[in-house]
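Heads up, the thing below is written out as structure tokens.
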Amino acid sequence: VGCASHVPQSSLTGKVFELKIGESLSRQVVNVQQGDEVRWINTRCGPVDISFQSLEGVVSCHKGFASTGWGYLFGAPGPEFLVIATVHSNDSASLCFSTSGTYPYTVRMDTVATRKAMRIDGIVKIE
């Protein structure tokens with residue numbers, strides 16, 4: 001079934017690893033196996049954006065992510081393709097990785113107190 005819209009018991013071929021997004025990430029580095037599902041859950045009151053550099057040929061399933069050519073909007077040095085998800089409050093987005101490697105990502109959100117954007121970096125390591 002893969003990355004379903006409701007919380008499944010397991011992913012396509014492996015385990016589900018949940019990362020909760022609040023004022024910080026529950027884990028900034030997650031180590032998983034090929035075929036495992038990484039699920040980001042937004043526990044904040046407002047939406048958050050999760051972005052990766054191009055993951056072409058790396059993802060075996062996804063929920064909530066889309067690929068764009070708008071890397072320049074997020075400070076990329078040119079028209080790089082990003083994989084982005086906007087995750088609303090109490091919702092989630094997921095990726096399953098099929099290729100070993102280290103994949104950095106960024107979570108962007110607005111802070112309530114300062115009304116400014118906040119950025120948290122994380123890493124998914126696939127063994």
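Note on K15: lysines with a C-alpha under 26 Å away, same-chain residues under 8 apart excluded, are K63, K125. For Q34, the residues whose amide H sits under 5 Å from its own are E127, ignoring neighbours fewer than 5 places away on the same chain, with H placed 1.01 Å from N. With θ taken as phi - 60° and the Karplus curve 6.51 cos²θ - 1.76 cosθ + 1.60 applied, the whole-hertz 3J(HN,Hα) list for region 95-103 is 9, 10, 9, 9, 10, 4, x, 10, 10 Hz, x standing for glycine and proline. Loop-located GluC sites (Glu not before Pro) in region 12-45 (DSSP state other than H, G, I, E, B) with a sparse environment of at most 15 neighbouring Cβ atoms within 10 Å: E23.
No value in this document is a laboratory result; all are computed from the given coordinates. Just so it is clear, the structure is predicted and the values come from calculations on it, not from any experiment. All Cβ positions, glycine included, derive from the backbone under ideal geometry; neighbour counts span all protein chains shown.
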